[in-house]
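Please treat every number below as a calculation from the coordinates, not as lab data. Computed from a prediction, not measured in an experiment: that's the story for all the values here. We place every Cβ from the backbone using ideal geometry, glycine too, and count neighbours over all the protein chains shown.
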Amino acid sequence: MRKEYDFSKSKKNPYAKHLKQQVTIRLIEYFKTLAEESGIAYQVLINLFLRECATTHKKPVLRWSDAG
């Protein structure tokens, strides 16, 4: 690994502003609502949920809509 890298010719990611912002906000809102109901911090609830998904090998359900 180099000690220094030259980023003078690098470009900003043109897709960065389109990265899942709405989905992320909705998920946080969902977990914040659960946090209010349960009295547990939403960050802890997210970690618990992710840990459960990993231990049970839960996979997301993918539903693709027909775009036509």
- Note on the structure: Expected sort for LYS32, LYS9 with the fewest Cβ neighbours (10 Å cutoff) up front is LYS9, LYS32
- Least to most buried among THR33, THR55, by other C-beta atoms within 10 Å and fewest first, runs THR55, THR33
- Query: Which value at 222 nm does the chain reach when only helices count, each DSSP H run of 4 or more adding -39,500 (n - 2.57), with the total divided by all residues and rounded to the nearest 500 deg cm²/dmol?
  - Reply: -15500 deg cm²/dmol
- Unit charges on C-beta of K, R, D, E only; dipole of the chain, Debye: 480 debye
- Message: If you fit an axis through the alpha-carbon atoms of helix 21-38 and take the longest principal axis of the Cα set of the chain, what angle between them do you get, 0 to 90°, nearest 10?
- Response: 30 degrees
- Hey, what angle do you get for helix 42-55 against the long axis of the chain, alpha-carbon based, 0 to 90 degrees rounded to 10? 90 degrees
- Query: Taking only pairs that are 8 or more places apart or on different chains, how many Lys pairs in the chain have Cα atoms under 28 angstrom apart?
  - Reply: 13
